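The values are calculated or read from the model by the stated rules, or taken from the named source; none is laboratory data. If you're wondering where the values come from, they're calculated on a predicted model, not measured in any experiment. Note that we place each Cβ from the backbone using ideal geometry, even for glycine, and neighbour counts take in every protein chain shown. Note: areas computed on protein heavy atoms with side chains; ligands, DNA, RNA excluded. Shrake-Rupley method; radii C 1.70, N 1.55, O 1.52, S 1.80 Å.
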Amino acid sequence: DQQVKQNSPSLSVQEGRISILNCDYTNSMFDYFLWYKKYPAEGPTFLISISSIKDKNEDGRFTVFLNKSAKHLSLHIVPSQPGDSAVYFCAASGGTSGTYKYIFGTGTRLKVLA
Amino acid sequence: GAGVSQSPSNKVTEKGKDVELRCDPISGHTALYWYRQSLGQGLEFLIYFQGNSAPDKSGLPSDRFSAERTGGSVSTLTIQRTQQEDSAVYLCASSLAGTTGGYTFGSGTRLTVV
């Protein structure tokens, strides 16, 4: 039972354009969401978060949008750069999972083409 | 240390053997987590330590898996009688208690059971 789903395993975007990575979840009790970025042979690094009391959080080129009614969040990267090429994971916590235990999606591999 | 350190970075073992994976968290981080990522899967929660509290072992897949954290710092994940399905990247992370900013992950241990 996949509670957090990233349905696009890969995405290619031209440098300078917008990258949109999507994530869906099934548990309406989730109340905190994170995005991580992972380069090969490295651990995931925290990118940006959003709590369920907000619908948008922005940090530089990265913006996360949360649509609670649709149980959907997305990560926008504008403008995309070749160094953004990595695997992106979304993660959710809350409800019976607790505040510390995150449920991760399977990741989307982003390739930014120069 | 400056980051979360895991050793070994790679481990190849024969089916049926026991393995120990080590994690050295960031100094001062009271929370420590183990996750694993199997091929094509998202990160799967295994176990969580917080200070002197009883660990949350709810993610351990079988009784062949155990973990301990000595002195509130270094943690060891032990897998007994390894099976081929245990092959995965085992990731350790640490955080300050109560943080909502995400964890800091180590680079992981790639375990291959042959």
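Compute the Rg to Rh ratio over the range A:14-70 from the alpha carbon atoms, using the Kirkwood formula for Rh, and round to two decimal places. Intermediate results must be reported in sequence, preceding the final value.
Details: Rg = 12.8 Å, Rh = 13.0 Å.
Rounded to two decimals, Rg/Rh equals 0.99.
How long are the semi-axes of the equivalent ellipsoid of the range B:3-67, defined as square roots of 5 times the Cα gyration tensor eigenvalues? Whole Å, largest first.
On the way: eigenvalues 88, 48, 33 Å².
Working from the Cα gyration tensor, I get semi-axes of 21, 16, 13 Å.
Checking a compactness column here: for chain A, what do you get for Rg(Cα) / (2.2 N^0.38 Å), N being the number of residues?
Numbers: Rg = 13.4 Å, N = 114, 2.2 N^0.38 = 13.3 Å.
Relative to the 2.2 N^0.38 Å estimate, chain A comes out at 1.01.
How much net charge surrounds A:Gln14 when only the other residues with a Cβ under 14 Å from the Cβ of A:Gln14 are counted, with Lys and Arg +1 and Asp and Glu -1?
On the way: positive: A:Arg17, A:Lys111; negative: A:Glu15, A:Asp84.
That works out to 0.
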Next on the checklist: Can you return the lysines within cross-link range of A:Lys5? Criterion is Cα-Cα under 28 Å, with same-chain partners fewer than 8 residues away left out.
Outcome noted: A:Lys37, A:Lys38, A:Lys54, A:Lys56, A:Lys68, A:Lys71, A:Lys101, A:Lys111, B:Lys57
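For peptide A:29-41, what's the mean number of Cβ atoms from other chains within 10 Å of each residue's Cβ?
Whole-number average of other-chain Cβ neighbours for A:29-41 is 2.
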Item to check | Intensity falloff of the protein assembly as shown expressed as log10 I(q)/I(0), Debye formula with alpha-carbon point scatterers, at q = 0.17 Å⁻¹ | outcome: -1.24
Item to check | Area accessible to solvent at B:Glu14, 1.4 Å probe radius, in Å² | outcome: 110 Å²
Next on the checklist: Highest mean first, how do B:40-47, A:87-94 rank when packing is the count of other Cβ atoms within 10 Å averaged over residues?
Outcome noted: A:87-94, B:40-47
Next on the checklist: Using the Karplus curve 6.51 cos²θ - 1.76 cosθ + 1.60 with θ = phi - 60°, what ³J(HN,Hα) values do you get for each residue of the range B:18-32, in whole Hz, with x for Gly and Pro?
Outcome noted: 8, 10, 10, 10, 10, 9, 10, x, 5, 4, x, 7, 8, 9, 9
Checklist entry - For chain B, what's the relative contact order in percent, using C-alpha pairs closer than 8 Å and at least 6 residues apart? => result 38 percent
Next on the checklist: Using only the alpha-carbon atoms of chain B as identical scatterers, what base-10 log of I(q)/I(0) does the Debye formula give at q = 0.11, 0.13, 0.18, 0.24 Å⁻¹?
Outcome noted: -0.31, -0.44, -0.85, -1.46
Next on the checklist: If every alpha-carbon in the range B:52-114 counts as one equal scatterer, what log10 I(q)/I(0) does Debye give at q = 0.26, 0.27 1/Å?
Outcome noted: -1.37, -1.41
Checklist entry - What are the trypsin sites (Lys or Arg not before Pro) within the range A:1-59 that DSSP puts in a loop, where the Cβ has at most 15 other Cβ atoms within 10 Å? => result A:Arg17, A:Lys54
